[in-house]
Amino acid sequence: MAFRQSNNPAVCGTWFASTHRVWTVLLVEDQALLAEHLREGLVDNGFAVDIAGNGDDAVGLAGKNQYDIMLLDVMTPGRDGFSVLEYLRGHNILTPVIFITGRDQIEDRVRGLDSGADDYLVKPFSLPELFARVRALLRRQRPPARTVRRVADLELDLISRCAIRAGKKIPLTGREFALLEVLMSSAPKPVSKAAIIEHIWQQQAGSRTNVVNVYIEHLRRKIDLPGLAPLLRTVRGSGFALLENPV
């Protein structure tokens, strides 16, 4: 395993930033097991992920699609990571890149950063550290005015991933955060189950409709605190909505 497991729960300030749209990642990693573990961690926290198992596929995907960030192994079959990055920068593809690699020599780090990488992370690494570095890169791209969403006395900080209501911090899992953000971005308009599934799970509506109900109930218990006016409402025939003054 090329990253260190962490048993820490997701709390405010732990995970990467998000916005109303889904952030996209190109993960370039030839070790299938590691690539799948990384993909699962990213998807669980709201990213959409494409995987390239070699440098040539990475160049092809990066040329066809616009990604928010690229996680790039150095030792990939075909073109190595350095060559991939040099090609991308030479063709004015400026996607932020974090090298994830077992090559820990100073010369390799210097070469990676000088070739245009934004960060260089040596394996083994922890997922929270990787996400912190991703969060830092995404923070540089985000307009400051869009970092906090508000509905009534509920606030959601998109940088620190904190939810606060009535001065109390509310810990959220990655998918709870993504669900709350979708609802707050659309408020007071309702969001359908199909739209939630597509946004959070990147799938078509189907067997996951019951999962949406489960996550809605988890979120309702966290944000509709005792003594406060309920915000999260089920709108019959339409989906779910955050309503400041429900009727």
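All of the numbers you see were taken from the coordinates with simple rules; none came from a lab. Note that the coordinates shown come from a computational prediction; the quantities given were computed from them, not determined experimentally. Methodologically, a virtual Cβ is constructed for each residue, glycine included, from the backbone with ideal geometry; neighbour enumeration extends over all protein chains shown.
Under a 10 Å cutoff between Cα atoms, tell me which one of Q66, Q141, Q31 has the largest fluctuation in the Gaussian network model of the chain.
Among Q66, Q141, Q31, the largest mean-square fluctuation in the Gaussian network model of the chain belongs to Q141.
Quote the FRET efficiency, to the nearest 0.05, computed for R139 versus R89 with a Förster distance R0 of 22 Å and r equal to the Cβ-Cβ distance.
It comes out at approximately 0.50.
If you line up the Cα atoms of the chain on their principal axes, what length do they span on each, largest first, in Å?
If we take the Cα atoms of the chain, the spans are 62, 36, 33 Å.
In percent, what relative contact order does the chain have, based on Cα pairs under 8 Å that are 6 or more apart in sequence?
Relative contact order here is 20 percent.
Using modelled backbone amide H atoms (1.01 Å from N, in-plane), which distant-in-sequence or interchain residues come within less than 5 Å of T76's amide H?
Answer set, sorted by chain and number: G81.
May I ask you to list, by number, the DSSP H helices of the chain whose Cα span along the axis is at least 15 Å and whose average Kyte-Doolittle hydropathy reaches 1.6 or more? Spell out each step's value before the answer.
Details: long enough: 32-44 (18 Å, 0.34); 127-141 (21 Å, -0.05); 174-186 (19 Å, 0.66); 209-223 (21 Å, -0.21).
None pass (Cα extent of 15 Å or more, hydropathy at least 1.6).
Under the rule of -39500 (n - 2.57) per DSSP H run of 4 or more residues, summed and divided by the residues of the chain, what mean residue ellipticity at 222 nm is obtained, to the nearest 500 deg cm²/dmol?
Numbers: 8 runs with 94 residues, N = 247.
After summing the helix terms and dividing by the residues of the chain, the value is -11500 deg cm²/dmol.
Do you know the relative contact order of the stretch 60-165, to the nearest whole percent, from alpha carbon pairs under 8 angstrom that are 6+ apart?
On the way: 116 pairs, mean separation 20.2, N = 106.
Result for the stretch 60-165 is 19 percent.
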